[in-house]
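Chemist: I'd like to ask some things about the structure below.
What follows is calculated from the coordinates using simple rules that are stated; it is not laboratory data. Bear in mind the structure is a predicted one, so any value in this text is a computation, not a measurement. Every residue, glycine among them, receives a Cβ derived from its backbone with ideal geometry; neighbour counts consider all protein chains shown.
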Amino acid sequence: MVGIVIVSHSEKLAESVVELTAMMAPSAAIAAAGGLEDGSFGTSFDRIRNAIEQVYSEDGVIVLMDMGSAVMTTEMVLEMMEGRKIAMADCPLVEGAVTATVSAVSGTDFNGILEELNGVRDMRKL
Amino acid sequence: MADSRQVISILNRIGRKMEEQKDYLTELDGPIGDSDHGINLARGFRAVEEKLPGLEDKDLGTILKTAGMALVSTVGGASGPLYGSAYMKAGMVLAGKTEIQMGDFLQAMDAAVEAVMQRGKATVEEATMLDAMVPAVKAMKEAEASGAEAGEILEAGCRAAWAGAEHTKDLIATKGRASYVGERGLGHQDPGATSFSFMLEVVKDAVAGSDTAEE
């Protein structure tokens, strides 16, 4: 199953997004990487790397980020982990997380989920 | 200009400067960012300081890459990946060298600017650290071409960096957290442009004084 990682500046936000996805996809391989080691706001290189390792398999890992340094720090983690099957998705965090986990548990593959997340980017609420 | 030992000393001095200016940088970040720039950089450079002992006999590439990685790992905000990439890319230019001359320094600065542009997908006139970095490098190259001494070159760089930082008050941010504030950020000086100017000032002061080896 494709693993999903939620990167946020906030520990609580990342964990809550993970919790929220369990409503529809409780068996998803999803990990939170929110905040800094001491729980304060920010993005932690080590937390992101550890979260990826935690849900990594041959099926790959897709990372969803909130903004700014979350994106740049994730980019750097991916550069360090070059050669592994990991991608960042460019989409809203909550909607993307729900879509990605529902698709992952139903067996959609890495590229399939990335494509769906592209669709999430253009999804309108109103 | 400086050897490995002196570069380590300069990095430690930058850390002290960040600590000293922590409140000011954080205050600048308040109205346009998330009020953490000074706190983040002080934390990052404390980690740099912890990693540097024992590297005195290593090449400058190793030293700067170690510093950059420490920043990426510990800063926590956008300045982590940005300065981290800048130091690491500068380190790549200086790999194998245990001594740096002005020409090497300017090449390393070029690499640092490119790293920030790439990582931040940014360019000048967007109210970022680049608005201090790019004019500073340009001024230093011009001073070097006119045959100036290292001290004068760095002095010209610092003047241009501070002028660039001042100029960010007239710019509307389109990158980073300040882009959410948009034109309401006018009149505010960019914290990243400011922290870079402080860093260059430390280099200038260290090269001007001959006591860098005494750290």
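Chemist: So how do B:8, A:86, A:6, B:172 line up by other beta-carbon neighbours within 10 Å, fewest first?
Modeler: Ordered from fewest to most neighbouring Cβ atoms within 10 Å, B:8, A:86, A:6, B:172 come out as B:172, A:86, B:8, A:6.
Chemist: What average number of partner chain Cβ atoms lie no more than 10 Å from the Cβ of the residues making up A:65-71?
Modeler: Mean shielding by partner chains, rounded to a whole number: 5.
Chemist: Computed FRET efficiency, Cβ-Cβ of residue A:24 and residue B:172, R0 35 Å: what is it to the nearest 0.05?
Modeler: E(calc), rounded to 0.05, equals 0.30.
Chemist: Something else about it: Over all residues in A:33-43, what is the mean tally of Cβ atoms on other chains that come within 10 Å of each residue's Cβ?
Modeler: What the average comes to for A:33-43 is 4.
Chemist: Angle check, please: helix B:60-74 long axis (alpha carbons) against the longest principal axis of chain B (alpha carbons), in degrees 0 to 90, nearest 10.
Modeler: The helix B:60-74 is inclined about 30 degrees to chain B.
Chemist: Over the range B:126-215, what is the relative contact order in whole percent, taking alpha-carbon pairs under 8 Å and six or more residues apart?
Modeler: It comes to 37 percent, rounded to a whole number.
Chemist: Now, a different point. Grab the beta carbon distance between residue B:149 and residue B:92, set R0 = 22 Å, and tell me the FRET efficiency rounded to 0.05.
Modeler: So the FRET efficiency works out to roughly 0.20.
Chemist: Distance between the C-alpha centers of the range A:81-126 and the range B:140-207? Whole Å please.
Modeler: Answer, in whole Å: 39.
Chemist: How many nm is it between the label spots at residue B:56 and residue B:180, if each spot is 7 Å from the Cα in line with the beta carbon?
Modeler: Each label point lies 7 Å from its Cα, and together they span 4.6 nm.
Chemist: Moving on. Mind checking the dipole of chain B: about its Cα centre, +1 per Lys or Arg Cβ, -1 per Asp or Glu Cβ, Debye to the nearest 20?
Modeler: Value, rounded to 20: 680 debye.
Chemist: Enumerate the calculated ³J(HN,Hα) couplings along the range B:182-194 in order (Karplus 6.51 cos²θ - 1.76 cosθ + 1.60, θ = phi - 60°), each rounded to whole Hz, writing x wherever the residue is Gly or Pro.
Modeler: In residue order, the calculated couplings are x, 5, 5, x, 4, x, 9, 7, 5, x, x, 4, 6 Hz.
Chemist: Sticking with this one: What is the average number of partner chain Cβ atoms found within 10 Å of a Cβ in B:60-73?
Modeler: Rounded to a whole number, the mean comes out at 1.
Chemist: Taking a threshold of 21 Å on the Cα-Cα distance, which of the pairs B:17/B:204; B:121/B:204; B:89/B:121 fall above it?
Modeler: Pairs exceeding 21 Å: B:121/B:204.
Chemist: Report relative contact order for chain B in percent, whole number only (criteria: Cα-Cα under 8 Å, sequence separation at least 6).
Modeler: The normalised contact order for chain B reaches 22 percent.
Chemist: What does the C-alpha gyration tensor say about the overall shape of chain A? Classify as rounded when a/c is under 1.5, otherwise prolate if a/b is larger than b/c, or oblate.
Modeler: Judged from the Cα gyration tensor, chain A comes out rounded (a/c under 1.5).
Chemist: What percent do you get for the relative contact order of chain A when only Cα pairs under 8 Å and 6+ apart count?
Modeler: 30 percent
Chemist: Per residue of the protein assembly as shown, what 222 nm ellipticity follows from adding -39500 (n - 2.57) for every DSSP H run with n ≥ 4, rounded to the nearest 500?
Modeler: Roughly -19500 deg cm²/dmol at 222 nm, from the helical runs in the protein assembly as shown.
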